[in-house]
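Engineer: Quick one: the structure is below, questions incoming.
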Amino acid sequence: MPPAETHTYRAKGTVGFAPERTALLVIDPVNDFLSEGGAAWDLTKGTVKKNDVVASLRRVIDGAHEHGLTVLFGPMAYTEEDYADQERHRRSGVHRIMFERRMFLAGSWGADFHPELRPAEQDIVLMPHKGSDVVETDLPRHLERLDVAHVVICGMTANLCCESTGRHLVEQGYDVTFLSDAIGAESLPAYEASIHLNYPLIANAVLEVDEFLAALSQSDDQPAARAGETVYGSDRGKIGTVEEVSGPTDATTGYLLVKRGILNRDTYIPLDAVTKRAGDRVFINVPRLVVGKMPWGEPPSAAGSRDKLGPPRHAAGGS
């Protein structure tokens, strides 16, 4: 059996957001989700109001423009053919709900962009997606054309389009970040499960808008971390303060030492687990809830790190 297709990690060796290689993906910022009177407003208004999603989206879009990022809008829209010919309303629960509630009908007010979130002239409006995965549009073509490595996801909804798209992009080698206060959902449990449980394992970081904008303002040549800075997990859970930063040597691959504190032990975090910086905050790609279960009780040895690579493909039968 031939090996499954794999994709090289596109953000190799980086811990920030190079503006020329970062894209902001705004998913479904439309009236049916975000405006009073929208077909899904009775479902989404709780989380949209809680996070002030519209204002958060406006702030991050403006910040992305200011820093020269590509901004892509991913709308959803359905036509008669989607239901009459393709029977999308028979495919899944969410399609049935959208059909019955007449959501995202092409050309309608509900499928139009929220008045405060209309794309600017330089922004890219993608082909409408028909399911919960924006990758199933012309998004990949634009990302490839622009040589994007980092995709920052915001919009609607947390546990469907945002999550599905993020999962797909990660599998294609993109560095994915979710913006927790610029995302809403159809219920608070769906939002909380996505933000606190799923995203931290799918992506390299879950940030708030202000943290993302702070990271954009930093120069690209900053070190991964400095002594005295605070380390957070990919779930934004606080791990502790950096006591020491040790670079790679013949004996070790490099690490951050977080002294005994929240985790009740000295923790040696591999340097290459650091994926993001925002001001004096350092983010690693492991959730705070899992860090205590990682084998990080001593400095990572070069030999031990090599062992974790596993066997070469030819020695494993080509699988």
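The values are calculated or read from the model by the stated rules, or taken from the named source; none is laboratory data. Note that the coordinates shown come from a computational prediction; the quantities given were computed from them, not determined experimentally. Methodologically, a virtual Cβ is constructed for each residue, glycine included, from the backbone with ideal geometry; neighbour enumeration extends over all protein chains shown.
Engineer: I need every pair where a residue in region 48-68 that is at pLDDT below 95 has its Cβ under 6 Å from the Cβ of a residue that is surrounded by 15 or more Cβ atoms within 10 Å (Cβ to Cβ), sequence separation at least 6 or different chains.
Structural biologist: Within 6 Å, the pairs are Asn51/Asp181.
Engineer: Any residue at all in region 162-175 that is over 25 Å from Arg91 (Cα atoms), more than 12 Å from the chain's Cα centre (by Cα), without any contact (Cβ under 8 Å) to a residue 12 or more places away in the chain and surrounded by fewer than 23 Cβ atoms within 10 Å (Cβ to Cβ)?
Structural biologist: Taking every residue of region 162-175 in turn, none turns out to be over 25 Å from Arg91 (Cα atoms), more than 12 Å from the chain's Cα centre (by Cα), without any contact (Cβ under 8 Å) to a residue 12 or more places away in the chain and surrounded by fewer than 23 Cβ atoms within 10 Å (Cβ to Cβ).
Engineer: Quick one: Leu146 ticks every box in (1) within 22 Å of Asp112 (Cα to Cα); (2) among the aliphatic types (A, V, I, L, M); (3) surrounded by fewer than 18 Cβ atoms within 10 Å (Cβ to Cβ) bar one, so which box is it?
Structural biologist: So Leu146 meets the others, but not (1).
Engineer: Additional query: Which residue is surrounded by the fewest Cβ atoms within 10 Å (Cβ to Cβ), if the candidates are limited to region 201-251 and must be without any contact (Cβ under 8 Å) to a residue 40 or more places away in the chain and either on the phi > 0 side of the Ramachandran plot or part of a strand (DSSP E or B) (or both)?
Structural biologist: Taking the candidates together, the pick is Glu244.
Engineer: How many residues, within region 291-308, are loosely packed, with under 12 Cβ neighbours inside 10 Å and either touching a Lys or Arg at 6+ places or on another chain (Cβ under 7 Å) or modelled with pLDDT of 90 or more (or both)?
Structural biologist: Count: 3.
Engineer: Turning to a different aspect of this structure: Tell me, yes or no, whether region 275-288 has at least one residue that is buried (at least 21 other Cβ atoms within 10 Å of the Cβ), touching a residue at least 60 places away in the same chain (Cβ under 8 Å), part of a strand (DSSP E or B) and β-branched (Val, Ile, Thr).
Structural biologist: Scanning region 275-288, I find at least one residue that is buried (at least 21 other Cβ atoms within 10 Å of the Cβ), touching a residue at least 60 places away in the same chain (Cβ under 8 Å), part of a strand (DSSP E or B) and β-branched (Val, Ile, Thr), so the answer is yes.
Engineer: Among the residues of region 40-68, which ones are buried (at least 21 other Cβ atoms within 10 Å of the Cβ) and assigned to a loop (DSSP other than H, G, I, E, B)?
Structural biologist: Of everything in region 40-68, just one residue is buried (at least 21 other Cβ atoms within 10 Å of the Cβ) and assigned to a loop (DSSP other than H, G, I, E, B), namely Ala40.
Engineer: Another question, if that's okay. Report, by residue number, each residue of region 298-315 that is free of Cβ contacts under 8 Å to residues at least 12 places away in the same chain, among the aliphatic types (A, V, I, L, M) and under 20 Å from Pro248 (Cα atoms).
Structural biologist: Just the residues of region 298-315 that are free of Cβ contacts under 8 Å to residues at least 12 places away in the same chain, to begin with: 303-304, 306-312, 314-315.
Filter again for among the aliphatic types (A, V, I, L, M), leaving 303, 309, 315.
Selection gives Ala303, Leu309.
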